[in-house]
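This report concerns only the one structure given below.
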Amino acid sequence: MILLSTESLNWYWLHRIFWFAKEAWFHGIDLSVSFENYDTLDLDYIKKLSDETWIQVLSISAPSSGITESIVDKFISMASVLGTQVITFAPPHFSDKDISWYKEYLPKVKKSSNISISVQNVEPKFLFFIIPARKNASLIEIKKITWDTSFDLWSSSDIIKDSTFLWSSIKNIYLSDNLLDKKWLILGSSVWGISNLPIESLLMKLKANSYNWLFSLKVSPKEIWAGNNEAVLNNLKHCISYYEKYFAEK
């Protein structure tokens, strides 16, 4: 199933994003939560939108920082009400003093929940060239936290190699294309409609290996032409067609 990440259209209100997802025939929503966007934390509002549009929030992507055990619990509660299958967390930032929520609490929650508690790969960044921006963020380490992961294509230097390593643990794949210094492009945005990354090969490989978890389209609002509703809808439908061509079609 392919979901629309609300981050792809975060210049719109949530209700419009849900309707875009419905009109473009996405299978659900990946709710990208922001502490600055209160709507993304308003469970009653989100549940009402889901019921009105018949579009489920099948994935929740937590903020990349500021996570605590109580916030993890809040996301679990939201997921239980919304019918969410996967909740994704980023490894802690280097400035986070307490990371027990990550190394101790997430594994504990995973054992007592039927929801996938996943950790995503992150782009390797360093402060002062030596200090990793994220703690315990190697592919080996993120896989060991709960044995469930989410795979962000733009954060990977080799999507085939990294997906093979994470294979049995992957529960959601964030889809976007890259081109030189441009990131979060729509799928197949390179010459002749072919991905600059080997996304076609990845999708066909996943299909051959019976991958049956989630995909989330996470692209830049600018690249999807946010503000031009007709162009947005056409670009979303293009991405659905791309997904169906390389993964969903028999």
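Per this entry, LYS103 is not counted among residues that are within 22 Å of ILE170 (Cβ to Cβ) and either modelled with pLDDT of 95 or more or exposed (fewer than 14 other Cβ atoms within 10 Å of the Cβ) (or both).
Under 7 Å by Cβ, and 6 or more places apart or on different chains, what pairs join a residue from region 147-175 that is over 13 Å from VAL86 (Cβ atoms) and touching a residue at least 24 places away in the same chain (Cβ under 8 Å) with one that is of a type in the set (Asp, Glu) and in a helix (DSSP H, G or I)? Cβ pairs passing all conditions: SER156/ASP162.
Selection of region 159-195 for residues being basic (Lys, Arg), at pLDDT below 95 and touching a strand residue (DSSP E or B) at 6+ places or on another chain (Cβ under 9 Å) yields only LYS183. In region 196-215, what residues are at pLDDT 90 or above and in contact with a Leu (Cβ under 7 Å, 6 or more places away or on another chain)? The answer is ILE199, LEU214, PHE215. Of the numbered criteria (1) within 27 Å of TRP184 (Cα to Cα); (2) surrounded by fewer than 20 Cβ atoms within 10 Å (Cβ to Cβ), the one GLN85 fails is (2). When both residues are 6+ apart or on different chains and their Cβ atoms are under 7 Å apart, which pairs have a first residue that lies in region 201-222 and is under 25 Å from ALA62 (Cα atoms) and without any contact (Cβ under 8 Å) to a residue 12 or more places away in the chain, and a second that is in a loop (DSSP other than H, G, I, E, B) and of a type in the set (A, V, I, L, M, F, W, C)? Qualifying pairs under 7 Å: none. Just one of the listed residues (GLN56, GLN85) is in contact with a strand residue (DSSP E or B) (Cβ under 9 Å, 6 or more places away or on another chain), over 20 Å from VAL119 (Cα atoms) and not hydrophobic (A, V, I, L, M, F, W, C), and it is GLN56.
Residue check: is SER150 crowded, with 16+ Cβ neighbours inside 10 Å and either modelled with pLDDT under 95 or within 17 Å of SER65 (Cβ to Cβ) (or both)?
yes
If you go through region 62-83 and keep only what is polar (S, T, N, Q) and either modelled with pLDDT under 95 or touching a helix residue (DSSP H, G or I) at 6+ places or on another chain (Cβ under 7 Å) (or both), you end up with SER64, SER65, THR68.
The values are calculated or read from the model by the stated rules, or taken from the named source; none is laboratory data. Remember, it's a predicted structure, so these values are computed and weren't measured experimentally. Because the Cβ atoms are built from the backbone with ideal geometry, glycine has one as well, and the counts that use them run over all protein chains shown.
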